[in-house]
Structure formats: structure tokens, C-alpha cells
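First the structure, in the form of C-alpha cells, and then the observations on it.
The values are calculated or read from the model by the stated rules, or taken from the named source; none is laboratory data. Since we're looking at a predicted model, the values are computed, not measured. All Cβ positions, glycine included, derive from the backbone under ideal geometry; neighbour counts span all protein chains shown. Note: accessible area is taken over every heavy atom of the protein model, side chains too, but ligands, DNA and RNA are not part of it. Shrake-Rupley method; radii C 1.70, N 1.55, O 1.52, S 1.80 Å.
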Amino acid sequence: MRRQDNQRNRGNALEFNRGQDSERGDRGLKENKTQKERCILVGISTPKVRPWLASEQLAELGRLAETAGAVVTRSFLQRVQNFSPATLIGEGKVNEVKHALEEDNAKMVVFDDDLSGSQVRNLEQRMPGIKVLDRTGLILDIFAKHAVTAESRLMVEVAQLQYMMPRLTGAWTHLCRQHNGGIGTKGPGETQLETDRRMIRKRIQELKKKLEKIEDARESQADNRNDIFQVGIVGYTNAGKSTLTNRLTGASVYVEDKLFATLDSTTRKLFLDGENIILSDTVGFIRKLPHNLIETFKSTLGVAAHADCILEVVDGSAPDYREHLEVTHKTLEGIIGKETPRLRVFNKVEIADEARRTELLQNYPEAIQISAKENIGMERLRAAFKEQLERWKKKREKEAAKIKEVVESPWPLHPAESVNDKSFNGKRDENWREPGIHEIEGN
């Protein structure tokens, strides 16, 4: 039986395999043709953000920059009490970064915190010829590069427009703008700014309507799969969700050791002891993700919301795996019900030391330690799937029995039919008539 399941899993992946080599080749050619930009990273540590956490976030920003195709030459981490309203960091640090950019021949600086439109403009004025980005802008650039399906492209465009709109101020400073509110000082620049914002709002509405149609189609697909056990795979980005999907189903979902290597949700079939199970891999999560970006991509998590079981994949080798868990739980709040069963696996245990594996076993005894890459722990995970599948079957049987009981139960008597004749002393009221329209006789 197991051999048949493995053969079916491999056969199921053949259709998906077509075009994968060409797709990867196209990605490689694009990356080779595009010259990598050199950049410098800037992070901030405040009383609310401890230095060690700020350092980890800055390291993650470096991985995001590498995923976007940039080369990080150096990083700066400044400890401040409050953000500078003009440039986010102090003037001294701005000059230090400017000098480093000249030394490293870098043309881009990326901040780990969100920048307002005025802050971007002020920084660009102080560092002429330098591209200024923040964490959200960098993530959106990665999303735009990795979006493949029509749905993900629409969502990326919505997120980009929402990100762009508050940053339009100053984009038309070369035209005459309103100054001091004086009479006759409102020029075409201000009018153009308002026009652009109105066009962006209109475009966002159009895109959201298209996304609603796609969401309706996904709802219909989910309804058609109600008779098949569905597992939604969720977790922090680069935790190994796609690698695990490939290991279980024999598919060839695109895998790369980068953040947000896959943006679109993928659905594959797993054949387990003659039973069909649907695995749905969702987009990964990351810390400091803006709320509007989460809202935009929430529809991609719909496959997890309709799942009968949630498989949470955690990178067991990550030094900050606890924060990865917290980010995942916060992101899923309001999307997945608490009553939905959950399985947790710690992936990449092949590169975790003995102390970390012992720590995970003591703190999370119910979790399964696996290695999707080295095929470790897969039998135990399949056994957990089978256990959840049996529970799901029993639950459906109970629900079907309740529905059958309601359908086959005798209908209650009509109130008029349930009246006891004894209350009328065995006689009907002489003035009683059948319901309907009757002619009233005159006196």
C-alpha cells in the first residue's frame, strides 16, 4: 500500500514538473542579467526594542536585501531614545552613513523601520543620488519579483499603491504648489497631487473587485473539496514549508534558501494508505509586517482558513524561533478558528545542535522534530496525519447522523391541529370558518 501511495505521489507531481526547469532557468537568467545593487542597512534600537532584538531584525533585513538581489556592504545600528521626525536617525548618523556610501560605492540605503514621505525626501536631499528604501518597500519589491499568478500580482499592486499614496507628497515639488495658504498660490502641482491620489484610490477599488471575484472562485473550490481531508501549512518565511510539501507529495514546488522564495499558495495531493489528503502551502510570515500588507494578503490564507487541520512549520535551528512562533500566531488571529486542530513540527533539526533538540523536546513535547531535507521524522508526521484523518471522519459521521436524525424525525403538528377538542367540550365554535376570504352578510 505504501509503495502504491509513493508511486501515486510521484505521478501526481509529473504535471507540475512541466515547465519548472524553464521557469527556474528564466529566473536565473534574469538574476544574472541584472547587476546587483550595493546597499547599506540602518537599524534603530529604542528603549522598547532591545539591542539584541534590533540586531536580529537587522540581520533579517540583510537576508531580505539579498533576496531582492542586493549586496550588503555594511550595517549601522543606532541606539536612540526617540525617532528623529526629519530623518528617523540623528544628523551625525546620517553623515556617517553618507560617508560609508561613498567609501563602499553603494547607491542604496535601506532602513529597518518605516519611513514617512517627508523623511524619505529629507534623506534623499542629504544624500543626493542615493536610493532610500524602508523595510516595507523592500518586501514589496520582493513580492513583485516573486508573484507568479494573477491573484498575487493583483495583491502586490494593491499593496504597492497603498504604500505609495501617503508618500506622494513632494513628488510634484518642481511645479508651483500652495504656499502659506495665500490667495492665488494654489498651482497645478497641488492639483496634480490630488488627481494622482484620486486615480490611485480608483485603481485600488478596481483591483479589490477583481480580487473579490477570485476569492469567490476559491470559496467554490473549497466547497467542492469538503469531502476530502485538507491540511493548511503555515509558518514563518523560509521555515521549509515548500520543501516539506515536496517531500510528502513528491511534487516540485519551487524551493530556494531565501525569504519569500514562494509567494503564491500551492495545493498538492498526498496519498496516505489509500486516502487522499490535500496539502495547501501558504505564503510565509515575517516580523514587522505592516497591517495593511497583512490585510491585502489575507485572502491567500483562505486555503488555511478552510483547512480541517493546520500544520505549523517552525525552523528549529533558528536562534529566535520563539519569536517566529509569536509572529505566526498573531498573524493567524481572526483567520483560523481556535477549534481547528493543529500540528506543530520543528524543521531543520539536522543542523540544530543536541542542546537545541533537547530544549525543543522539553518545551514542546507534543511537537514533531523533522528534517524535510534529510527525510527525518516523516513517518511520525504521516502517522499524525492519519490520526487527524480518523478524527475528522468520526466528526463527519456524527454530523451526518445529526442531519439524518433531523431529516427523518416526524414533523411537529400544526398548532391548529394540536388543539385538544376537550377544551371546546367536544364542540366547534359555530362562528368558526376555514381560513380564507369570506363574504360578510349584511344586517
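Quick notes on this one:
- Amide H within-cut-off set for Gln369, under 5 Å, with H built and near neighbours excluded: Phe346
- Ranked order, Thr149, Thr266 - accessible area, probe 1.4 Å, largest first: Thr149, Thr266
- Heavy-atom SASA rank of Met199, Met108 (probe 1.4 Å, accessible area, largest first): Met199, Met108
- Nitroxide proxy distance, nm - points 7 Å out along Cα→Cβ at Ala355 and Trp392: 4.0
- Annotation: Thr243 carries an accessible surface of approximately 40 Å², with a 1.4 Å probe and no ligand, DNA or RNA atoms counted.
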